[in-house]
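In what follows, a structure is listed as structure tokens, so that the remarks can point back to it.
The values are calculated or read from the model by the stated rules, or taken from the named source; none is laboratory data. Source: prediction; values computed, not measured. Because the Cβ atoms are built from the backbone with ideal geometry, glycine has one as well, and the counts that use them run over all protein chains shown. For the accessible areas, the whole protein counts, side chains as well, though only heavy atoms, and no ligand, DNA or RNA atoms are used. Shrake-Rupley method; radii C 1.70, N 1.55, O 1.52, S 1.80 Å.
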Amino acid sequence: NDLQILALHEEMRDKINSILEIENVQIIRNGIDYERFKNVNIDKEQYKHSVGIKKGTFVIGNIGRFEESKNHEFLIDIFYACYLRDNDVFLLLIGDGYSKSNIIRKLNDLGLKSNYLILSNRSDIPQLLHCMDVFVFPSKHEGFGIVAIEAQVAGIRCIISDCVPKEVLQTDLAISVSLDEPPEKWAKIIMDNSIHRKGLGHIEDYNMNYEIKKLEKLYLK
């Protein structure tokens, strides 16, 4: 009788309620250290230079493990389409994983050896996010996709696949694009800074400090 089922977001809550035929699942969001991502005091161009990115380049970024679900192969197709529109673009990938060598090979085969950087095991993710002009997240599936929340809190435009839960689209910086769309369509949206969509508008709900207090109240009950 004291069992309380928790969900990470609305879609998960509704599914659990439906499957178990109950109505009392509560949401505790996977919160982030909000201020750490929002208030980053760096010189963007100087920081880019410090990690090996030429100043003034348009940086397209992604954070995630190199595995099938993260869809890096398609991400490279998207980046190449951006490169064909404007050679002065740069791809910043942060992560590690079993398919990393295949992605490096594909980038080099496309002649992009001077246009990308892969970093792993970084403790400066907020600073690296602020080096990006656009965060691209073409995952085939995600339990949620908290890194897209971090990017929005950092003030970065986010181009996100339609396979990621819609609750990620919290601000007008986040745009959902179908994985059925060709790389060229993704590239057009990425390179056009005027394209925005109206978000859900509750991104402050992902402040870790708020969620900790909600969890404390549940335990105290």
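For residues in the stretch 122-149 being more than 23 Å from residue 52 (Cα to Cα) and assigned to a helix (DSSP H, G or I), which is most open to solvent (accessible area, probe 1.4 Å)?
Looking only at the stretch 122-149, we keep the residues that are more than 23 Å from residue 52 (Cα to Cα), and these are 138-146, 148-149.
Next cut, assigned to a helix (DSSP H, G or I) only: 146, 148-149.
On the way: 146: 43, 148: 0, 149: 0 Å².
Result: 146.
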* Of the conditions (1) in a loop (DSSP other than H, G, I, E, B); (2) at negative phi; (3) not hydrophobic (A, V, I, L, M, F, W, C), residue 102 fails just one. Which one is it? -> (1)
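Please specify each residue of the stretch 38-68 satisfying the condition of being open to solvent by 20 Å² or more (accessible area, probe 1.4 Å) and among the polar types (S, T, N, Q).
Applying the first criterion (open to solvent by 20 Å² or more (accessible area, probe 1.4 Å)) to the stretch 38-68 yields 38-47, 49-52, 54-56, 58, 63, 65, 67-68.
The answer is 39, 41, 46, 50.
I want to confirm something. Restricting to the stretch 200-221 and keeping residues that are closer than 23 Å to residue 154 by Cβ and hydroxyl-bearing (Ser, Thr, Tyr), which single residue is least open to solvent (accessible area, probe 1.4 Å)? If you could, list the steps in order and put the result at the bottom.
To start, the set of residues in the stretch 200-221 that are closer than 23 Å to residue 154 by Cβ comprises 200-212.
Checking which are hydroxyl-bearing (Ser, Thr, Tyr) leaves us with 206, 210.
On the way: 206: 2, 210: 121 Å².
This residue is 206.
Hey, can you tell me all the residues within the stretch 69-90 that are part of a helix (DSSP H, G or I) and among the hydrophobic types (A, V, I, L, M, F, W, C)? Walk me through it before giving the result.
Here is the first cut: in the stretch 69-90, the ones part of a helix (DSSP H, G or I) are 69-70, 72-85.
74, 75, 76, 78, 79, 81, 82, 84, listed by residue number.
Here's the yes/no breakdown for (1) among the aromatic types (Phe, Trp, Tyr); (2) touching a Cys at 6+ places or on another chain (Cβ under 7 Å); (3) open to solvent by less than 20 Å² (accessible area, probe 1.4 Å); (4) modelled with pLDDT under 95:
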residue	(1), (2), (3), (4)
154	no, no, yes, no
157	no, no, yes, no
161	no, no, yes, no
181	no, no, no, no
188	no, no, no, no
198	no, no, no, yes
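Can you find even one residue in the stretch 115-138 that is more than 11 Å from the chain's Cα centre (by Cα) and within 24 Å of residue 28 (Cα to Cα)? Break it down stepwise before answering.
Going through the stretch 115-138, the residues more than 11 Å from the chain's Cα centre (by Cα) turn out to be 115-128, 130-133.
With the extra rule that they be within 24 Å of residue 28 (Cα to Cα), the set shrinks to 125-126.
Checked against the condition, which is being more than 11 Å from the chain's Cα centre (by Cα) and within 24 Å of residue 28 (Cα to Cα), the stretch 115-138 yields at least one hit.
Limited to the stretch 163-179, what total is found for residues that are closer than 18 Å to residue 78 by Cα and open to solvent by less than 30 Å² (accessible area, probe 1.4 Å)? Write out each step before concluding.
Taking the stretch 163-179 as the starting set, the residues that turn out to be closer than 18 Å to residue 78 by Cα are 163-164, 174-179.
Still in the running and open to solvent by less than 30 Å² (accessible area, probe 1.4 Å): 164, 174-175, 177.
Final tally of qualifying residues: 4.
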* **Single residue of 35, 23 found to be open to solvent by 30 Å² or more (accessible area, probe 1.4 Å), outside any loop (DSSP other than H, G, I, E, B) and either free of Cβ contacts under 8 Å to residues at least 24 places away in the same chain or at negative phi (or both)** => 35
* To do: Return yes when residue 180 is among the acidic types (Asp, Glu), within 25 Å of residue 141 (Cβ to Cβ) and part of a loop (DSSP other than H, G, I, E, B) and no when it is not.
  => yes
* Asked: Pick from 84, 3, 8, 93: which is of a type in the set (A, V, I, L, M, F, W, C), open to solvent by 50 Å² or more (accessible area, probe 1.4 Å) and at pLDDT 90 or above?
  -> 84
* In the list 74, 79, 58, which residue meets the criterion of being aromatic (Phe, Trp, Tyr), over 22 Å from residue 181 (Cα atoms) and within 18 Å of the chain's Cα centre (by Cα)? -> 58
* Asked: So is residue 102 touching a Ser or Thr at 6+ places or on another chain (Cβ under 9 Å) and at pLDDT 95 or above or not?
  -> no
* Structure fact -> Flagged in the stretch 108-121 as surrounded by 12 or more Cβ atoms within 10 Å (Cβ to Cβ) and within 18 Å of residue 73 (Cβ to Cβ), in numbering order, are 110, 112, 115, 116, 118
* Of the numbered conditions (1) assigned to a loop (DSSP other than H, G, I, E, B); (2) closer than 21 Å to residue 44 by Cβ; (3) within 12 Å of the chain's Cα centre (by Cα), residue 164 satisfies every one except a single condition; which is it? -> (2)
